[in-house]
Amino acid sequence: MPVVAMKEILDRALTGWYGVAAFNIVNDLSIEAVLAAAVEEHAPVILQTSVKTVKQYGTAQLKGIFDALVRGVEVPVTLHLDHCPDRTVISDCLAAGWNSVLFDAHELDVTENLKQTTEVVAEARRTGAHVEGEIEGIQGVEDDLGSDDASTVQSLEVAVDFIRRTGVDCFAPAIGNAHGQYKQAPALNVRRVTDLVAATGIPMALHGGTGLADEQFTDLIARGCAKVNISTALKESFLRSSLESLRVAEERNKWDPPTLFRAQRAAVVDMAKQHIRLFGGSGRAW
């Protein structure tokens with residue numbers, strides 16, 4: 001199946017009241033592993049790249065890796081740029097063929113954020129891409145972006161006006177969620193998701209998913225969080241499997257890179273399948 005637009009993937013998910021897992025990949029192995037999990041589960045999937053990963057590889061090389069690995073994959077896949085405050089990186093990724101971008105301008109005042117997000121939406125439309133919007137920061141630092149300080153939450157009226165006037169295709173609300181692992185169970189303002197979907201009709205994106213209880217995921221997806229971001233869980237499964245494999249290699253004094261790669265892949269595939277099933281994405285490919 002060819003790569004599918006983010007809007008189509010998320011609109012179908014919102015209509016069907018399931019969530020699409022959006023995994024922050026880190027390299028070619030993690031891309032292939034997530035795709036393998038999606039194929040096994042016959043599920044649509046979103047591959048996300050952080051600004052840090054884009055800069056590590058360069059847009060041309062990273063897009064080339066994506067294109068090579070997605071070729072022949074028979075489930076809907078889309079390529080998304082996660083939290084990006086840099087308009088230059090946004091433009092580079094859109095020009096290179098990313099299907100969607102999150103323009104993270106929450107540090108700007110709402111008026112300037114609205115103005116610039118509207119410009120990003122217009123730029124994305126010229127390449128057939130879509131845009132996720134944000135007016136409040138999601139607490140926590142991820143891939144060197146963000147802050148541990150809680151952001152000011154805007155009123156429902158301000159958020160709805162932003163969504164309508166910018167024309168964003170998806171919105172990331174602050175509801176008490178946070179990037180990274182939670183130190184304690186978060187108290188989430190789930191009603192805000194319900195109200196935003198009812199007022200705008202567009203899907204919401206849930207950030208800071210790693211560490212939430214299964215019941216919290218299920219409830220938020222039922223309220224309209226059609227896009228569910230998973231970053232920390234992928235990194236942890238990738239690195240913990242690496243650590244375990246390397247410890248065994250050290251004990252045996254047998255240094256075989258393919259053994260390490262198999263362990264990393266298996267861990268990421270298992271992690272991805274668990275989340276896809278939990279979010280209701282299994283069997284939803286078309």
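The values are calculated or read from the model by the stated rules, or taken from the named source; none is laboratory data. Because the structure is predicted, anything quoted here is derived from the model rather than measured. When we count neighbours, we look across all protein chains shown, and the Cβ atoms used for this are built from the backbone with ideal geometry, even at glycine. These accessible areas exclude ligands, DNA and RNA; they are computed on the full protein's heavy atoms, side chains included. Shrake-Rupley method; radii C 1.70, N 1.55, O 1.52, S 1.80 Å.
Once both labels are positioned 7 Å from their Cα atoms along Cα-to-Cβ, the gap between Ala266 and Thr111 label points is 5.9 nm. 3J(HN,Hα) along region 92-102: 4, 5, 5, 5, 7, x, 4, 7, 7, 9, 9 Hz, from the Karplus curve 6.51 cos²θ - 1.76 cosθ + 1.60 with θ = phi - 60°, whole Hz, x for Gly and Pro. I'd like the FRET efficiency for Ala199 and Val39, computed as 1/(1 + (r/R0)^6) with the beta carbon distance as r and R0 of 41 Å, rounded to 0.05. That gives a FRET efficiency of 0.65. Between Val190 and Asn27, residue separation times 0.36 nm minus the direct Cα-Cα distance comes to 55.3 nm.
Rounded to the nearest Hz, the phi-derived 3J(HN,Hα) couplings of region 8-24 under the Karplus curve 6.51 cos²θ - 1.76 cosθ + 1.60 (θ = phi - 60°) are 5, 4, 6, 4, 5, 5, 5, 5, x, 6, 10, x, 9, 6, 10, 9, 7, where x marks glycine and proline. Normalised per residue, the accessible area of the chain is 43 Å², obtained with a 1.4 Å probe and no contribution from ligands, DNA or RNA. In this simple spin-label approximation, Asp219 and Thr88 carry label points 7 Å from Cα along the Cα→Cβ vector, and these lie 4.4 nm apart. Each residue, Arg125 and Glu236, gets one label point 7 Å from its Cα in the Cβ direction; the gap between the two is 4.1 nm.
Using Cα-Cα distances under 8 Å and only pairs 6 or more residues apart, what relative contact order does the chain have, in percent? The normalised contact order for the chain reaches 25 percent.
Could you give log10 I(q)/I(0) at q = 0.07, 0.09 Å⁻¹ for the chain, computed by the Debye formula over C-alpha point scatterers of equal weight, without solvent? For the requested q values the scattering log ratios are -0.24, -0.39. With a 10 Å cut-off between alpha carbons and a GNM built on the chain, which of Pro85, Pro258, Pro44 moves the most? Checking each option, the largest mean-square fluctuation is seen for Pro258.
Any idea what the relative contact order of region 21-174 is, in percent, if you count C-alpha pairs under 8 Å spaced at least 6 apart? Walk me through the intermediate numbers first.
Values: 241 pairs, mean separation 27.5, N = 154.
So the answer I get is 18 percent.
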